[in-house]
Amino acid sequence: MNRWFRFNQLWQLIIALFLEIIREPGVLFWGILFPILMSLGLGLAFTKKADVIRKVAIINNIEKSGTGSDNTVVADFLQKNCEKNSSEEKGTWQWKYIKKDEKLGNSIFLFYEMGWDEAVKLLKRGTINVLLLGLNSSFEYHFDPMNPDAQLTYLKLSSIIGQGEILPLKSNSEIKPLTVTGTRYIDFLVPGLITMGVMMSCMWGISYGIIEKRSKKLLRRLVATPMKKSHFLIALITVRITMNFIESLVLFLFALFAFKMTIQGDISALIIMFLAGNIAFAGIAVFVSSHTSNTEVGNGLINFVVFPMMVLSGIFFSYQNFPEWSIPVIKNLPLTMLTDGIRSIFNEGAGYHEVAMPILILLATGVIFFSAGLKIFKWH
């Protein structure tokens, strides 16, 4: 009888806790639906596709050497074997070649005709990974030899341009490893890690801290004080921005000494861009944490903001891997604008002119979300 009574108590406790969970719609969403959405997003980027798109730049001049290039060999291949794009929209490919493979999937090569400087800039952004240069009756491949995707693109492309009437690869082509500053993967990664650190620090340091204090009734005690809530929130943001600056500086100094990484652009523009990103995510953090006192719901809200941008915004890999229809949306995400702006200053020598618009958008985002969060903020 005593054993049955204890079992009944355990069963009733299990039912009570289960009902407590299912009565909170937010918990069900973050615990069940959100992981499904995350797996869908990751699947779009990493799942093997039937057709693999590889983008190649065809250099029509060489500013670095002061000599013009003659793409006779490459032009002959494009004219005879490739499909020409009828669209004249800026930034679109000019030629397309499809290498069919029923077992491994088709390889679609998109060729962009451009100058050397523009091609190097797109290489740094991860849009392309191989540069093809024609020189009279021969041609050269320029790519980062440490980039495995660039190597694979070269191997596949060299097996195509080198057949039929095109001169053989071994005797008439040359590989030119790129040593341009800012093209290494570490140059791509460090700015992304800095911006991701800003987002994570603001969202968890500010949002979760406020929610946790509210859930423990700590904020309730502050209501009786003459302190304004705006002063309380601004103090939190100031401390967090200071910590973000220190953490980012340490990361950069490590990259500087360990990998000889440099800042090619305007340092003052970099600092203002960094502050604008902090303000944007601090404002979002205040808005997210302004009302809820449930730590589980707050955890889900923070993950809803953090994880999609961490996956989509090009932190660890270029967002060009995602479908083309999604790229305009991804570019307008706060983390994407911050990452692209800081990465352009680090690797492309950008200044105020190039990052002015992202700075204004990030500042406006922070002010709008902070104002909305302040208006609906509750102490308990």
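The values are calculated or read from the model by the stated rules, or taken from the named source; none is laboratory data. These figures come from a predicted structure and were not determined experimentally. Methodologically, a virtual Cβ is constructed for each residue, glycine included, from the backbone with ideal geometry; neighbour enumeration extends over all protein chains shown.
Within region 173-181, not a single residue is buried (at least 19 other Cβ atoms within 10 Å of the Cβ) and modelled with pLDDT of 65 or more.
Within region 82-93, residues that are in contact (Cβ under 8 Å) with a residue 24 or more places away in the chain reach partners that are of a type in the set (S, T, N, Q) with beta carbons closer than 8 Å, at six or more positions or on different chains, in the pairs 93/85. Taking the listed residues 372, 356, the one that is free of Cβ contacts under 8 Å to residues at least 12 places away in the same chain, in a helix (DSSP H, G or I) and more than 13 Å from the chain's Cα centre (by Cα) is 356, with no other qualifying. From the list 134, 162, the one residue that fits, being at pLDDT below 75, within 17 Å of residue 54 (Cβ to Cβ) and surrounded by 17 or more Cβ atoms within 10 Å (Cβ to Cβ), is 162.
Let's see how each residue does on (1) touching a residue at least 24 places away in the same chain (Cβ under 8 Å); (2) closer than 19 Å to residue 123 by Cα:
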{"residue": "304", "(1), (2)": "yes, no"}
{"residue": "307", "(1), (2)": "yes, no"}
{"residue": "318", "(1), (2)": "yes, yes"}
{"residue": "327", "(1), (2)": "no, yes"}
{"residue": "333", "(1), (2)": "yes, no"}
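Restricting region 317-338 to residues that are surrounded by 14 or more Cβ atoms within 10 Å (Cβ to Cβ), part of a helix (DSSP H, G or I) and aliphatic (A, V, I, L, M) leaves a set whose member that is modelled with the lowest pLDDT is 327.
Of the candidates 113, 88, the single residue that is assigned to a loop (DSSP other than H, G, I, E, B) and either at pLDDT 75 or above or more than 25 Å from the chain's Cα centre (by Cα) (or both) is 88.
Counting only residues that are exposed (fewer than 15 other Cβ atoms within 10 Å of the Cβ) and not polar (S, T, N, Q), region 252-263 holds 7 of them. Looking only at residues that are part of a loop (DSSP other than H, G, I, E, B) and among the β-branched types (Val, Ile, Thr) in region 194-238, which one is modelled with the lowest pLDDT? In this case the residue turns out to be 225. Looking only at residues in region 240-251 that are surrounded by 13 or more Cβ atoms within 10 Å (Cβ to Cβ) and among the polar types (S, T, N, Q), the one that is nearest to the chain's Cα centre (by Cα) is 248. Consider region 205-232 and keep the residues that are in contact with a Gly (Cβ under 8 Å, 6 or more places away or on another chain) and within 14 Å of residue 281 (Cβ to Cβ). The one that is surrounded by the fewest Cβ atoms within 10 Å (Cβ to Cβ) is 208.
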